[in-house]
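The next block holds one structure in the form of structure tokens; read it before the comments.
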Amino acid sequence: MILAAIAAVIYASAYGYTLEKIAYGPLRGAPRLSPLISAIGMSIFLQNYVLLAQTSDFLPFPNLIPDFEFMEPVAHIVGSPELVILVTTIVTMILLTLLIKKTKIGKAMRATQQDMSMARLVGINVDRIISMTFVIGSALAAIGGVLVASYIGQVNFYIGLFGRVKAFTAAVLGGIGSIPGAVLGGLVLGWTESFTAGYISSDYEDVFAFGLLVLILILRPAGILGKVRKQKV
Amino acid sequence: MLKNIKQSLIVSAWFVFLTFPLMAVRVNTTEQVVEWRFINLIWVAYETFVLSYFWRFFIGAAGQKDEEALADLSLRELVRKIHSYRTVSLFFSLSSFNFFPAIFYSWLKEWLILFVVSLAFVLFAIVLRKLQFRSQKAEKKRQPEDAHGGYVFPLQSYGCPSGLCSGFPAGVR
């Protein structure tokens, strides 16, 4: 599993770097909507690329997560895959938070996010930092992809769309810009779906999940852990 | 010229590395065997080298000079320049170099059409963007649609049996 994750991380990072150079770099000074549209375009392109290069069929994916013996007493509540996913999520969340808060590159990322022109003026190589951000983001997506594929047990070219929509919803729910918020948003979204499927009907799990998103955005537009920043003029 | 060839070779090698897992490896789940399709990698190397080289040759070399010159041109002159020798040569070269192998390998056509039409539409979006910039019209909000069309148009053309026209509303106005 570790080997699979390493290979996925290397390739996803390489794809993230290349996509940044091809699809986002040329749109650096463009309005905010342009990179978004470009991102949607690239996702359509990538999906079709995988479809053409591989197949549209569902392919079996081996279960890379072993069954731990110590989990047997509580296996009916939480299985080994869930534990591995939870631990990996917490570890990556802590590492990412440390990277963003404590390291030099993290500080440069935050500076670039706040004011790109000012970051350039203080000597930050903005293009390099943006590329690094894409590499880190893609690497994390690869870890998530390996875990999800191993958990579901099958893959196809379309599998990313579902995860992407959920991940984006979780990030908005938790608060854009907050790493613990994104994790919390994911948990809240997952719990909402599970409880709805368990107590009401699985047909309505998305309705309730997105209904909750709408409700939270009305009551707390910045998300659960998001901070409202007042802009002084 | 040598510099362009060297850089194009690096780009080609990078894309071979990048596309290796998807283009070369395929697992046949019915027969439980791994198919190695190294011929695909050769085509990837060839295509990316040709595209990269011609891109550098026609656009990259004179790109900066053009950017500066374009700012001083009138709209009419700009349109004339777009239809200039260089643009026509670029499309002709890319088309001929890329479609030549497709004559012999029919399975390549789908890929090549997708790839070249994508490129053509991205170029079209760039040209439109320059035109809009020059004309200073309040149409800048439409730029994302051009970029969107750049990707969606070839994909729709590929997927829809109704032909190329089905994709037009996505990118052309």
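The values are calculated or read from the model by the stated rules, or taken from the named source; none is laboratory data. Model, not experiment: these values are computed from the prediction. Note: ideal-geometry Cβ built from the backbone for every residue, glycine included; neighbour counts use all protein chains shown. Quick note on the areas: whole protein, heavy atoms, side chains included, nothing else; ligands and nucleic acids left out. Shrake-Rupley method; radii C 1.70, N 1.55, O 1.52, S 1.80 Å.
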Exercise for the section: Over the whole of A:61-70, what's the average partner chain Cβ count within 10 Å per residue? Rounded to a whole number, please. Expected result: 0
Handout entry: Average beta-carbon neighbours from other chains, 10 Å sphere, peptide A:37-43
Key = 5
Handout entry: Rounded accessible area per residue of chain A, 1.4 Å, Å²
Key = 62 Å²
Handout entry: Förster-model FRET efficiency, 45 Å R0, A:ASP206 and A:ASP127, C-beta, rounded to 0.05
Key = 0.70
Completion exercise
Note, A:THR97: beta-carbon cut-off 14 Å, +1 each Lys/Arg, -1 each Asp/Glu, net +4
Handout entry: Whole-Å distance, taken between Cα centres, linking the range A:1-78 and the range A:147-199
Key = 14 Å
Fill in the blank from the handout: Within the under-15-Å Cβ sphere about A:GLU193, not counting A:GLU193, Lys/Arg +1 and Asp/Glu -1 give a net charge of -3
Practice task
Calculate the mean, over all residues of peptide B:22-34, of how many other protein chain Cβ atoms lie within 10 angstrom of the residue's Cβ.
Solution key: 2
Practice task
Calculate what fraction, in whole %, of the accessible area of chain A sits on carbon and sulfur atoms when a 1.4 Å probe is rolled over the protein chains.
Solution key: 69 percent
Fill in the blank from the handout: Nearest-0.05 FRET efficiency for A:THR103 and B:GLN7 at R0 = 35 Å, using Cβ-Cβ distance, is 0.65
Handout entry: Rounded to whole Hz, the Karplus (6.51, -1.76, 1.60) HN-Hα couplings of the range A:152-163, x for glycine and proline
Key = 6, x, 7, 9, 8, 5, 9, 5, x, 4, 4, x
Problem - C-alpha long axis of helix A:205-219 to longest principal axis of chain A, angle in ° - result: 40 degrees
Handout entry: Restraint check, A:LYS107/A:LYS227; A:LYS21/B:LYS6; A:LYS21/A:LYS104; A:LYS102/B:LYS6; A:LYS107/B:LYS6; A:LYS166/A:LYS227, Cα-Cα greater than 29 Å
Key = A:LYS102/B:LYS6; A:LYS107/B:LYS6
Fill in the blank from the handout: Residues whose modelled amide H sits under 5 Å from the amide H of B:ARG26, counting only those 5 or more places away in sequence or on another chain, are B:GLU35, B:ARG37
Problem - Range in chain A, longest, excluding exposed trypsin sites (Lys or Arg not before Pro) [loop by DSSP; at most 13 other beta-carbon atoms within 10 Å] - result: A:33-226
